Amino acid sequence: MQEIQTFDLYEASYYLSRNCQIVTVEAVDVDGKVNCRLTISGVAIHTLQAAYFSGEAQIKLFDFRRTYAQLHKLVGDAKRKYKLQMKHQRVAGGPL
């Protein structure tokens, strides 16, 4: 299986709509803002990536919308968990 990483929910939704799988959803601090790095795997993910960035990607809108909504919730949950962990570390005086 090939893997790629992205911060782009639209891009990740496209891959997931094309039978790829989520490997990780990792909340990270990017220039003082919490963002999520998504690792996605799939047999032909690099081919899908090339189609996506060349503007040749095609997808059924209903499948894309459903996948985007699910991914949006996962990202929201990961961000909330990360912020809560950072808050507890600050209260405890631990490293950020």
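What follows draws every value from the coordinates through simple rules; no lab data is involved. Not measured: the values here are computed from a predicted model. In this analysis, Cβ positions are derived from the backbone assuming ideal geometry, glycine residues included, and neighbour counts consider all displayed protein chains.
Considering only ILE22, ILE45, ILE59, the Gaussian network model of the chain with Cα springs below 10 Å gives its largest mean-square fluctuation to ILE59.
Largest GNM mean-square fluctuation among GLN49, GLN85, GLN21, using the chain with Cα springs under 10 Å: GLN85. Over the chain, dividing the summed -39,500 (n - 2.57) contributions of all DSSP H runs of at least 4 residues by the number of residues returns a 222 nm mean residue ellipticity of -18000 deg cm²/dmol. Over what distance in Å are the Cα centres of the stretch 2-16 and the stretch 39-68 separated? If you average the Cα positions of each part, the centres end up 7 Å apart.
Net charge around TYR82, counting only other residues with Cβ within less than 12 Å of its Cβ (Lys, Arg = +1; Asp, Glu = -1)? Walk me through the numbers on the way to the answer.
Details: positive: LYS33, ARG37, LYS79, ARG80, LYS81, LYS83, LYS87; negative: GLU26, ASP29, ASP77.
The answer is +4.
Placing +1 on each Lys and Arg Cβ and -1 on each Asp and Glu Cβ, with no other charges, gives the stretch 1-68 a dipole about its Cα centre of roughly 300 debye. Of the residues SER17, SER54, SER41, the one that moves most in a GNM of the chain with alpha-carbon contacts below 10 Å is SER54. Extension gain for the segment LEU9 to THR39, taken as residue separation times 0.36 nm less the Cα-Cα distance, is 9.7 nm to one decimal.
Suppose the chain between ARG90 and VAL23 were pulled fully straight at 0.36 nm per residue; how much longer would it get relative to their current alpha carbon spacing? Present the calculation step by step, with values, prior to reporting the outcome.
On the way: separation 67, 0.36 × 67 = 24.12 nm, distance 2.91 nm.
Computed gain between ARG90 and VAL23 is 21.2 nm.
Summing +1 for each Lys or Arg and -1 for each Asp or Glu among the other residues whose beta-carbon sits under 15 angstrom from that of GLU56 gives 0. To make sure I understand the rule: partners must be aspartates and glutamates, Cα under 15 Å from the Cα of LYS73, and not fewer than 8 residues away in the same chain. Which ones qualify? Qualifying aspartates and glutamates at Cα under 15 Å: ASP8, GLU26.
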